[in-house]
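This report concerns only the one structure given below.
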Amino acid sequence: MSSYSGFKKLRKSQKFNQTFGIVIKWIIAVFLIVFSVFPLVWIISASFNPASTLATQTLIPRNPGLDNYKFLLGNPVFPYFKWLWNSIKITTISTILTLSLTTMAAYAFSRFRFKGRRAMLKGILLIQVFPNLLSIVALFLILTQFGSIIEQIGLDTHLGLIIVYLGGAMGMNIWLMKGYMDTIPRDIDESARVDGATDWQIFTRLILPLLRPILVVIGLLTFIGTYGDFILARTLLKSNEQYTVMVGLQIYTSGMFSQKWGPFAAGALISALPIMIIYFLLQDQIIGGLTRGAVKG
């Protein structure tokens with residue numbers, strides 16, 4: 001009887017510990033969800049607040065309306081949708097070029113053996129150690145000098161900004177792409193060479209289709225990083241017409257007595273839509289691309 005009662009107490013203790021653990025997990029999960037969702041809910045509320053101020057902002061605004069969204073549509077001084085188009089254009093071109101150059105460079109590092117290969121890989125990794133903020137002054141001076149020779153790639157040009165983004169995105173993306181490419185068996189290459197395929201045919205017809213998950217990951221990360229950049233765009237773009245959406249939204253909050261937090265919130269919500277759409281369309285490829293690329297370096 002004593003052993004049975006002891007076993008019963010042990011079972012009750014285990015059941016209590018299990019229930020207590022589940023309750024704690026639920027409490028933590030609910031806290032994290034509220035912590036993550038609250039800023040979004042607050043921004044949505046602010047976008048419908050006609051007062052356009054955060055001093056009297058409440059979770060449910062008084063007299064909610066679409067005045068802030070109408071302000072974005074009909075204000076020629078602040079061409080919000082021009083800024084949004086600039087961001088989408090710059091980000092799309094930068095992402096496509098980054099994927100193209102990164103894939104070809106990673107293929108060379110993964111499949112070929114040439115003198116200086118290891119030194120170049122280490123050099124690429126070493127450069128990425130330094131913060132990007134350290135290069136802003138140098139980039140500003142370089143584009144200033146280039147602009148005096150070729151105006152299309154100088155300051156206040158989208159092409160110049162795209163080139164800067166392209167250079168900054170190459171380093172870690174090459175390593176990530178190479179790690180994924182190393183997991184693809186070399187037997188595929190050797191079999192294709194036996195059949196008379198060239199390196200370009202092997203790359204485009206055999207290797208490239210297998211890289212779809214990691215291409216999606218790198219493309220999404222590059223798109224998000226470029227689309228959300230403020231510091232480089234603010235430094236290298238000068239005119240109102242050339243601004244990206246992140247730089248343009250800053251104008252709404254830069255004045256001491258003319259801060260427009262309502263239009264700022266509405267513009268922030270609209271500008272988040274491209275990222276959300278792309279993420280939901282490609283989310284199935286993200287986890288596979290990240291995990292498989294980390295198996296082998």
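A few notes on this one:
- Whole-Hz Karplus values for the range 67-73 come out as 4, 5, 6, 5, 4, 5, 6 Hz, taken residue by residue from phi with 6.51 cos²θ - 1.76 cosθ + 1.60 and θ = phi - 60°; glycine and proline positions read x.
- Cut-off under 5 Å, modelled amide H: who pairs with Lys260 long-range: Thr253
- Residues Met120, Met177, arranged from fewest to most other Cβ atoms within 10 angstrom of their Cβ, appear as Met120, Met177.
- Couplings for the range 135-151, taken from phi via the Karplus curve 6.51 cos²θ - 1.76 cosθ + 1.60 with θ = phi - 60°, read 9, 5, 4, 5, 5, 4, 5, 5, 5, 4, 5, 5, x, 6, 9, 10, 5 Hz in order; Gly and Pro are left as x.
- Fewest-first sequence of Leu208, Leu281 by Cβ atoms within 10 Å of each Cβ: Leu281, Leu208
- Estimated inter-spin distance, Arg212 and Gln152, nm [label 7 Å along Cα→Cβ]: 3.5
- The phi torsions of the range 201-215, fed into the Karplus equation with coefficients 6.51, -1.76 and 1.60 and a -60° offset, translate into couplings of 5, 4, 5, 7, 9, 10, 6, 4, x, 6, 8, 4, x, 6, 5 Hz, rounded to whole numbers, with Gly and Pro shown as x.
- Label of the coordinate-derived value, Rg and Dmax of the Cα atoms in Å, listed as (1) 23.8, 82; (2) 20.5, 67; (3) 26.0, 95: (3)
- Helical contribution to [θ] at 222 nm, DSSP H n ≥ 4, -39,500 (n - 2.57), averaged over the chain, rounded to 500: -24000 deg cm²/dmol
- Across all C-alpha atoms in the range 54-123, the radius of gyration and Dmax reach 23.9, 69 Å.
- Extension gain, Leu159 to Thr19: 0.36 nm times the residue separation minus the Cα-Cα distance gives 44.5 nm.
- Order of Phe38, Phe78 - criterion: other Cβ atoms within 10 Å of each residue's Cβ, fewest first: Phe38, Phe78
- With a Cα cut-off of under 28 Å and a minimum spacing of 8 residues unless on different chains, the lysine pairs in the chain number 19.
Values quoted throughout were computed directly from the atomic coordinates according to the rules given, and no laboratory measurement underlies them. These numbers were taken from a predicted model, which means no experiment stands behind them. Please note: Cβ atoms are built from the backbone with ideal geometry, for glycine as well, and neighbour counts cover all protein chains shown.
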